[in-house]
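Written out below as structure tokens is the structure these notes cover.
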Amino acid sequence: MEGESKEENDLFFLCSLIEYISRKTNNHKENVVKMIGRDFLTKIYNLADVYHSENIEKISDEIIEKSNIKMGEYDIISKCEYRIPSYWEIGKVYKRLITMVNGDSNKYIDTLIEILSSWIIEKIDNYNSSLYYENPDYIYECYIQGKII
């Protein structure tokens, strides 16, 4: 992505991949990041430029199998009455929030785990609301204040 650092682009890919896996397995993002684990998340992040050139379905299948991610019951897609944002669009929302909360690329994985395990993700996951396409500054401020403002 133009104008982004390599680290931000790698984070964007990792966020989008987590969203893809979450949808594919009907799991909350919090559960997906827990099942993948910090070490494997770090490895995926460090190899994101390699993974990004491969088919995301193939990569997700490998990660799901390696992390033993089972099917869950968190189906956000069937509840959507409007256009479903792509996993890339949602990955961008997460990436922006993570970099706004902590711009230190050495802390991206810890910040990703913190945010994807927080209350705001369920709000973003409600595609019948408008939060996922709100201004990034607004989403950040909601996250910092701990509520929708």
- Taking segment 12-28 as the search range and keeping residues that are over 9 Å from the mean Cα position of the chain (by Cα) and open to solvent by less than 10 Å² (accessible area, probe 1.4 Å), which one is nearest to ARG96 (Cα to Cα)? ILE21
- Can you give me the number of residues within segment 51-68 that are assigned to a loop (DSSP other than H, G, I, E, B), within 21 Å of SER86 (Cβ to Cβ) and not small (Gly, Ala, Ser)? 3
- Just to be sure, is LYS43 at negative phi, open to solvent by 40 Å² or more (accessible area, probe 1.4 Å), basic (Lys, Arg) and at pLDDT 95 or above? yes
- Task: Just need a number here: residues in segment 49-79 that are at pLDDT below 95 and among the small types (Gly, Ala, Ser).
- Result: 2
- Taking TYR87 as the residue in question, decide whether it is more than 14 Å from ILE124 (Cβ to Cβ) and within 13 Å of the chain's Cα centre (by Cα). no
- Message: What's the total number of residues in segment 90-149 that are within 13 Å of the chain's Cα centre (by Cα), of a type in the set (A, V, I, L, M, F, W, C) and part of a loop (DSSP other than H, G, I, E, B)?
- Response: 0
- Could you run through segment 98-149 and say how many residues are of a type in the set (Asp, Glu) and open to solvent by less than 40 Å² (accessible area, probe 1.4 Å)? 1
- Of those in segment 73-97 that are among the aromatic types (Phe, Trp, Tyr) and touching a residue at least 60 places away in the same chain (Cβ under 8 Å), the residue surrounded by the fewest Cβ atoms within 10 Å (Cβ to Cβ) is TRP88
- Task: For residues that are open to solvent by 50 Å² or more (accessible area, probe 1.4 Å), within 22 Å of PHE12 (Cα to Cα) and hydrophobic (A, V, I, L, M, F, W, C), tally how many sit in segment 46-72.
- Result: 2
- Query: Which residue, of ASN102, ASN135, ASN55, is without any contact (Cβ under 8 Å) to a residue 24 or more places away in the chain, more than 15 Å from GLU19 (Cβ to Cβ), in contact with a Ser or Thr (Cβ under 6 Å, 6 or more places away or on another chain) and of a type outside the set (A, V, I, L, M)?
  - Reply: ASN102
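The values are calculated or read from the model by the stated rules, or taken from the named source; none is laboratory data. Remember, predicted model here, so these are calculated numbers, not experimental data. No Cβ is skipped: glycine too gets one built from the backbone with ideal geometry, and neighbour counts run over all protein chains shown. For accessibility, only protein heavy atoms count, side chains too; no ligands or nucleic acids. Shrake-Rupley method; radii C 1.70, N 1.55, O 1.52, S 1.80 Å.
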